[in-house]
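FYI, it's all coordinate maths here, none of it is from the lab. Values in this document were obtained by computation on a predicted structure and should not be read as measured data. Please note: Cβ atoms are built from the backbone with ideal geometry, for glycine as well, and neighbour counts cover all protein chains shown.
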DNA sequence: TATGAATGAGGATTCATTCAT
DNA sequence: AATGAATGAATCCTCATTCAT
């Protein structure tokens, strides 16, 4: 087997993987211990309680695991981009492209972020965007706007597009087109005002 | 199919109101019959089943009620705007402003739309935006983009901002500012390309 | 599909036994999970759902258990009889005698067969009788009659006598007399016509 | 309308008729007040409780009504027969034939008799048969047997055949054949022993 | 570690009945 | 006579969690 993360012992990792699969398939509300146990081939839910302090703990472990997987895909792509605007574009495009690689993880993360009471993950990404926008504004590559509000709107819009795509994964080319569409939208939305203001 | 009395028979309306309040407070998953009954001052959940065929029926009634309330607030404001761009701005601003008037209804509707498996409400709004964008593109006031994807991203971003605002309702002035921020964002995101394209 | 332990895992068997007792005492309609749980000394009905997939599953297990018990009693007695007529008599008499040994099982089986929408058990016995009559007719030991209708009437009559006896179990001698009475009735009812027919 | 029995006021009769229809269609267990009310076109179950002291009272009224209907059909046919044997035959045949005329009433009565805790109706018929057999034995037209046991077996067998026929009403000719089959069976089963004993 | 059993609360829904109007 | 609203118990079932083995 050997297909385990280095952070967790075998069973834990197996349970986390099953949880992600179940959330992706049945949604947050449908992810009961018994369903997860069945998926994991466990004969009882007791094993889950043994390995995790509770549902919150299990879900937190899932978020950690998913972030590792998605980070490995997205981070190099974002790092390869130069400048705040290109990085924004890279974030959006790689996030959409990620659907083609790890649809279950993407679906599960969105469900978790949507339902799990204010995890550090969701706040982290929000803060990341907000900070990114502020830095870009200081550098003059983004126009003046309320960074927090815009970060919230854009990350949520991104999630919605990604979730829809993950529900019925399109071909890579179509996925790339979706990413470009959305990145265009976000770049234009945040671009500096050229000369005279619009309305 | 029998005709119902004027105020929706009193109790029915009261149950709907309580359901909206409970969803706003405890979320979709937390809106159990017993919690709703307690909020409504009913001695048992049987009364809810007496008035509504089931949870779907109750939630549908809530959506209808909320749409009536929100429509009464937003529609005249949108109708007063001239042209697709101004109407987009009016939609966004009046939706955010609505939070100050009916925060519970706004929160509940978002929860319902998010969870009640593909209601006509959510599809309706999405189709409305999509159609609005296509018409504006034909008129040359919106640039060329994938109307469906953009509609999805922008409505979801709007929901997120509205939901966040509804969670801790700010003062009207701050609410108005939020609305303008978001409307600006959306107008710029969809504005026609002046001469040379960006990026 | 997992293999079950020897005594049907202890609790399972206990629940089945309690269910049989409750059905015998309170009838099919009165056999609620809560009553069964109380009889079995369980603190909640959840335990029953834990061991059985549902009411159908539980009842099916009861039928299996009862058939095992009754089969062990009746089958050797029937097998010892020679010829279709003697076997018919042996079936009836051993079935009535069974009441003295397992009154609860007999009562419960009749209730189950009467209510559990066309179980294989009831159809099986009916088909068995029908086939038995046809074979006997071919051998000339039964007169010509509609095998299906007669099978239906006689098995139902047998059930009624057995159920009545099980409601207030008489002494073995009286039980034996009842069995002989009924066997006589059935043997005469199905006997070949000697010379001139009656009317 | 004018289609009311002389025993009950309009609404009562209507409720009784609906109850019979519902029991025939949904069985004893399925005959809830709400279903009966719906069938009767009543907007609430309160009306049933108003007219009847309880479920037992309602069901008793149904039995009375059904016995009137069935008696009107069967009694003249039985009265036309001469002698205990012919009367037994007439009872069986007219009871089976009744299925063609009043299937709902037949179905409902069997359900009621089977479930309603020992009504006078079922005991009455049993006593009637028993007494009939005793009288016939005294007259020498029936052989010596346990009148009570035989009455129980034969009435139950008759019920089963009738219930099966009522579940999918056959053509009158087939119904008549069934009746003759069963009557033959019962007449032979109870016939005096000619010379030497059988078996 | 892992299993299977047990718990107790909570889920929606249906039921017969009562009562004010 | 009739309605509609209300009650409270009972239905089966699922849940997360605990515990002895």
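Things to note:
- Gain in span if fully extended, residue D:72 to residue D:193, counting 0.36 nm per residue against the direct Cα distance: 40.1 nm
- The Cα-based radius of gyration and maximum Cα-Cα distance (Dmax) for the range D:10-190 are 17.6, 59 Å.
- With Cα atoms, 0 to 90° folded angle of helix A:172-190 axis to chain A main axis: 50
- Applying D = kT/(6 pi eta Rh) to the range C:83-171, where Rh is the Kirkwood radius over alpha-carbon pairs, T corresponds to 20 °C and eta to 1.002 mPa s, the Stokes-Einstein value obtained is 155 µm²/s.
- Relative contact order (%) - criterion: Cα under 8 Å, at least six apart; region: the range C:1-117: 31
- Rel. contact order, % - alpha carbon contacts under 8 angstrom, at least six apart, chain A: 24
- Taking the longest Cα principal axis of chain D as reference, the axis of helix D:120-138 is set at about 10 degrees.
- At 7 Å out from Cα toward Cβ: residue B:71 inter-copy label distances (nm, ascending): 4.8, 6.2, 6.5
- Helical contribution to [θ] at 222 nm, DSSP H n ≥ 4, -39,500 (n - 2.57), averaged over chain A, rounded to 500: -24500 deg cm²/dmol
- Look at the stretch C:144-151: the mean tally of other chain Cβ atoms within 10 Å of its residues' Cβ atoms is 4.
- Average beta carbon contacts from partner chains per residue of A:185-192, 10 Å cutoff: 6
- Within 10 Å of the Cβ of each residue in A:22-31, the mean number of Cβ atoms contributed by other protein chains is 1.
- For the peptides A:150-160, B:96-106, the ranking by packing is A:150-160, B:96-106, with the highest mean count of neighbouring Cβ atoms within 10 Å listed first.
- Using a 7 Å projection from Cα along Cα-to-Cβ, the label point at residue B:82 is separated from the same position in the remaining copies by 4.8, 10.8, 11.3 nm, smallest value first.
- Nearest-first distances (nm) between copies at residue C:131, label 7 Å from Cα via Cβ: 4.5, 6.6, 7.9
- Helix axis angle, D:84-101 relative to chain D longest principal axis, alpha carbon, degrees: 30
- Computed over the range D:90-199: relative contact order in percent, which uses C-alpha pairs under 8 Å that are six or more apart: 47
- Between the range D:72-149 and the range A:61-137, the alpha-carbon center distance in angstrom: 82
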